[in-house]
Amino acid sequence: MTESLKGTVALVTGASSGIGEATARTLAGDGATIAVLARRGDRLRALADDLRSEGTTTLVLEADIADPQQVQAAVGRVVAELGRLDTVVNNAGVSFTGPVAEAPPQEWDRMLAVNVAGVLHVTRAALPHLVSAAQDSPRRVADVVTISSTAGRVARAGQAVYSLTKSGVNAFCESLRQELQPKRVRVGVVEPGTVNTELSSHMREGVRETVAKQLEGMELLRPQDIADAVSYMVTRDRRVAVNEMLVRSGDQTW
Ligand SMILES: NC(=O)c1ccc[n+]([C@@H]2O[C@H](COP(=O)([O-])OP(=O)(O)OC[C@H]3O[C@@H](n4cnc5c(N)ncnc54)[C@H](OP(=O)(O)O)[C@@H]3O)[C@@H](O)[C@H]2O)c1
């Protein structure tokens, strides 16, 4: 444990499972005070109990990032109750794959609402606080990290709309990086390959089995592998901006 984030506050969206939960635990280990956001409050409360028992002040935010008002209220609570906001990890996301011709449009709407609009709402609500944190913190830097995907780099059959959302946030983050660089708010993207989480368990029957078959025999990444990448990015000294990290499973060809 380096404690290099001591005195700072980190907000992690989608912290009720998988990569987000591992990231919240890891940033707590780096010394940050933590705000965890997702819809499943019971899972967040269990995580918060754990983190508090290890000495980390933790705020639970039960909210849907697809709803801008809920996001605004949640970010407002972070600053009101924890005093500041230095690091945002835009991790919450959903993935519904399968051929375009067979896809229920509700799945596309959900991916656009969470993976794209949700990232925009959270980032927009957090920005003024990140800018002031970068000015007044001893580290003199703040961070927005968005969890994209290898699907944001390489579009494959069966992932058209998921890829669209992830390549979209890559473009958003690159533009934002240029806007915020003079204010010392770093903007980074982590692009995981296939990670062993609940993500595919929400897919339709049939699609779920196809995905499982594609991954058969592969050693998948663990959520901690991605949490480590996020931690690396946000614990660098202010002179270093690690803006992009692509982390594939060693067995992954795409
Ligand atoms: N697993 C992979 O192979 C992989 C690969 C590349 C990229 N990613 C990306 O990594 C991120 C995390 O996914 P994961 O693999 O860790 O899957 P996961 O275990 O299913 O986690 C997804 C998280 O997002 C939250 N979430 C979903 N919809 C939300 C909403 N409307 N509002 C607030 N929170 C919401 C979920 O919490 P609630 O359900 O409690 O709201 C959950 O905490 C996603 O952006 C995903 O696209 C994953």
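The values are calculated or read from the model by the stated rules, or taken from the named source; none is laboratory data. Since we're looking at a predicted model, the values are computed, not measured. FYI the Cβ positions are ideal-geometry reconstructions off the backbone, even for glycines, and counts take in every protein chain you see.
In the set ARG156, ARG77, ARG140, only one residue is among the charged types (D, E, K, R), away from the ligand (no atom under 11 Å from the Cβ), farther than 21 Å from VAL169 by Cβ and touching a helix residue (DSSP H, G or I) at 6+ places or on another chain (Cβ under 8 Å); that residue is ARG140. Quickly run through region 1-28 and pick out the residues that are of a type outside the set (A, V, I, L, M, F, W, C) and either in a strand (DSSP E or B) or at pLDDT below 95 (or both). Correct list: THR2, GLU3, SER4, THR13. Across region 76-117, the number of residues qualifying as aliphatic (A, V, I, L, M), out of contact with any strand residue (DSSP E or B) (no Cβ under 6 Å at 6 or more places or on another chain) and within 17 Å of SER17 (Cβ to Cβ) comes to 2. For region 29-42, the condition of being part of a helix (DSSP H, G or I), without any contact (Cβ under 8 Å) to a residue 40 or more places away in the chain and near the ligand (Cβ under 10 Å from one of its atoms) holds for at least one residue. All of THR150, THR165 fail the test of being within 12 Å of the ligand (Cβ to nearest atom) and touching a Pro at 6+ places or on another chain (Cβ under 8 Å), apart from THR150.
Do the conditions hold for ALA134, that is, is it more than 16 Å from the ligand (Cβ to nearest atom), part of a helix (DSSP H, G or I) and out of contact with any helix residue (DSSP H, G or I) (no Cβ under 9 Å at 6 or more places or on another chain)?
Numbers: more than 16 Å from the ligand (Cβ to nearest atom): yes; part of a helix (DSSP H, G or I): yes; out of contact with any helix residue (DSSP H, G or I) (no Cβ under 9 Å at 6 or more places or on another chain): no.
So ALA134 fails the test.
Which condition does ARG139 not pass, out of (1) at pLDDT 95 or above; (2) over 14 Å from the mean Cα position of the chain (by Cα); (3) crowded, with 17+ Cβ neighbours inside 10 Å; (4) closer than 30 Å to ARG239 by Cα, if it passes all the others? Unmet condition: (1).
Pairs linking a residue in region 86-106 that is without any contact (Cβ under 8 Å) to a residue 40 or more places away in the chain to a residue that is surrounded by 12 or more Cβ atoms within 10 Å (Cβ to Cβ) and not in a loop (DSSP other than H, G, I, E, B), with Cβ atoms under 9 Å and 6 or more positions apart or on different chains, are GLU102/VAL207.
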